[in-house]
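Structure, as structure tokens:
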Amino acid sequence: MAWRITDYIERGEIDNHTRGRVHGQIWLNGIDHPVQLELTGNPYRDLAGQRLKFLNPHPQPMPDHLRRFAREQTGVIGDMTAARKVKILDIPDDELKHYYTNKIPMPYHWGNCLYLEWHSVRNGRVVIEATDFVLEVEPEAAWQMSEGEEAEQLEANGRAMINFMDQLLEAGNPTHETSDEENASLSAAEAAADAEAARMDLLNDRVMARLEKDELANAEDYARILREERERIRRERGEDEPKPFGSNEEADHPFHIDTINSDFAEAMAKEDEPCDLESHPLFEQCQQLSYRAADDLEQNDWLPEGAQEEHPLNALKHGIWMATVKLAGALNGRVEEWPPDPLFAGDCLVRLKKARRYLKDALAALDAAEAEKLTDPVWCLTLRQELRGILQSAQNLIHEVRSALNGSEH
């Protein structure tokens, strides 16, 4: 989930006078000191070698739950440009609901969009995306980037992001799992599963980031973008050309079949439809908690209409539901066969660890909601107890799967 801070920016600047580095400052509404940027990489050609200043004509007050945004942003550049072509609606915001409800075509025109993206140590992916900022670019660049160099830079930014994420994992960054138990020595199978999961997460992030930029994208566009991003990661990592997928031996491999079953369980959880795989009690418990929490938020009008995804109550809903989804993939269909066979345990463990991370995110969001008095205190207390119980159960299952994996390597 990206941090989107556009609405709360007063002004800011980025400086790429030094190749390979972007320095900058961003002033947020209601925050005394600016956010400092120290990023590796270069922006697109339109901003390469230049200093860009930007001003938000209508900054909104910084909400309390976004005050956790780190004041020092150190990391790597994603996409940075002031010339992205986007659709700009030609109707005021207060009329959007009328057009949408009545299925009236919304008038628009194509225009330039400021798009600044980076991946930081403290906050992960951060995005600034605006079409109404006042921009000022220095008339002369400190250095020039050719069209060919821009293509190379995009590849370099991708490689840098991979290396950056790998370093975070190795360093035990606070955004990942940091307790002594969670940083226990990994078996070879678990390490391999974690590496493949990180690769798939990166692939998914890149695909979704591209799809977000094109509201008209269809299934064919998704398939094409997926192929392109897979190839991009392969090139960035210097891997050999993949072998054609089609042999019966590969298609029938137990790990491949198990992964398909787990993905199917997750898909069914997302679609809220019955699943042929036998449901695990922990999945059912988390799913029912997700339903109850969402119903309570709606019935009590605790979640404001149009609240951003970073709002604590949105983050709470997202955390519980995503934990449900990951538990479905990890556990459904394994009730009678536990712990899982070592051949499948790596994939199961990855999903359990992701579920654990989402449960912790949900607890952190609940803490923020309670601190800001967004809901009823008794409701928070009850929900926290249930979340902690599910988290402990997930942790116990992680122990059991790890034991299965470690036992298979001796």
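The values are calculated or read from the model by the stated rules, or taken from the named source; none is laboratory data. Just so it is clear, the model here is predicted, and its values are computed rather than measured. Here Cβ is always computed from backbone atoms with ideal geometry, including for glycine, and neighbour counts include all displayed protein chains.
Filtered by the rule that a residue be at pLDDT below 90 and either in contact with a strand residue (DSSP E or B) (Cβ under 7 Å, 6 or more places away or on another chain) or farther than 27 Å from residue 396 by Cβ (or both), region 273-297 gives 273, 274. Is there a residue being under 21 Å from the mean Cα position of the chain (by Cα), over 18 Å from residue 291 (Cα atoms) and in the same structural domain as residue 291 (by TED's automatic domain parsing) anywhere in region 370-391? No, region 370-391 contains no residue that is under 21 Å from the mean Cα position of the chain (by Cα), over 18 Å from residue 291 (Cα atoms) and in the same structural domain as residue 291 (by TED's automatic domain parsing). The residues of region 69-112 that are in a loop (DSSP other than H, G, I, E, B), modelled with pLDDT of 75 or more and more than 23 Å from residue 305 (Cβ to Cβ), listed by number, are 69, 70, 71, 105. Remark: residue 66 falls outside the filter, which requires a residue to be within 27 Å of residue 112 (Cβ to Cβ) and in contact with a Lys or Arg (Cβ under 6 Å, 6 or more places away or on another chain). In region 1-68, counting only strands (runs of 3 or more DSSP E) that sit wholly within it, the ones holding 3 or more residues that are free of Cβ contacts under 8 Å to residues at least 40 places away in the same chain span 21-28, 35-40.
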